[in-house]
Amino acid sequence: MPLALVGGPAARIQRGLARRLLGVGLPESASPRGGPLTFVHAVLTLPVNLTAVVVSGYFWLVVAINIGYPLRPDNDYSTSWGGPTLAGAWAVHAIGGGVTFLLLTPWVIRGFTALQARLVQGFLGSSAAGRGRAVALALGVAAVCAVLSIPVIHQL
C-alpha cells in the first residue's frame, strides 16, 4: 500500500507476486508504476489478506494445541471433554480438534488463495468488467469477515 500511495512500482511487484505465489498470469500494464487501481486493490484486499493470515494462524494453532493436549500448562483433564483420564481427554482433543483441523486447514487456505487470485485478476487484469465483480467480492468478503469476527472478539 505505501508503494501504491507514493506512485512506486506497486503494480509490477503485485503482478510478480501473483505470478509466483498464486500462479496467476497477468498481462503487463502500459505503466509499470500502476495507478489508482493498484491502490484500490491494495486497500480493498487488505481486510481479506488480514483475515486469511488470522484464520490460517488460528487453525494451525488449534491443530498444535489439541494434538499436544497433555503439554498444556494448568490443564485439568479430569473435568475436560474425554476425561476423567488423560488418555480419554487426549484422544478427544487430538482426534476431535487436532486431526479434524489438520485435514480442514489446507482446504480453508486453498479457498483464501483462490479468493486472492480472483481479486488480483479482477483488479490488475485487463478486463474492465472483472473490476466491478472484484470490488463487490472484496467488499462482500470484508463485510462477512467483520460480522463473523464479532463473536470471536467478544470471547477474548
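The values are calculated or read from the model by the stated rules, or taken from the named source; none is laboratory data. All values reported here derive from a predicted model rather than from experimental measurement. Cβ placement follows ideal geometry from the backbone for every residue including glycine, while neighbour counts extend to all protein chains displayed. Accessible surface is based on the protein model in full, side chains and every heavy atom, while ligands, DNA and RNA are left aside. Shrake-Rupley method; radii C 1.70, N 1.55, O 1.52, S 1.80 Å.
Observations on the structure shown:
- Projected label distance in nm at Leu139 and Ala87, using a 7 Å step from Cα toward the beta-carbon: 5.9
- Derived scalar couplings ³J(HN,Hα) [segment 49-65; Karplus, 6.51 cos²θ - 1.76 cosθ + 1.60; whole Hz; x for Gly, Pro]: 5, 5, 5, 4, 5, 5, 5, 4, x, 5, 4, 5, 5, 4, 4, 5, 6
- Fully extended contour minus Cα-Cα distance, from Ala117 to Leu71, at 0.36 nm per residue: 12.7 nm
- Here segment 65-156 has 71 percent of its accessible surface on carbon and sulfur atoms, given a 1.4 Å probe and all protein chains in place.
- Gain upon complete extension [Thr79, Leu21; 0.36 nm per residue less C-alpha separation]: 16.4 nm
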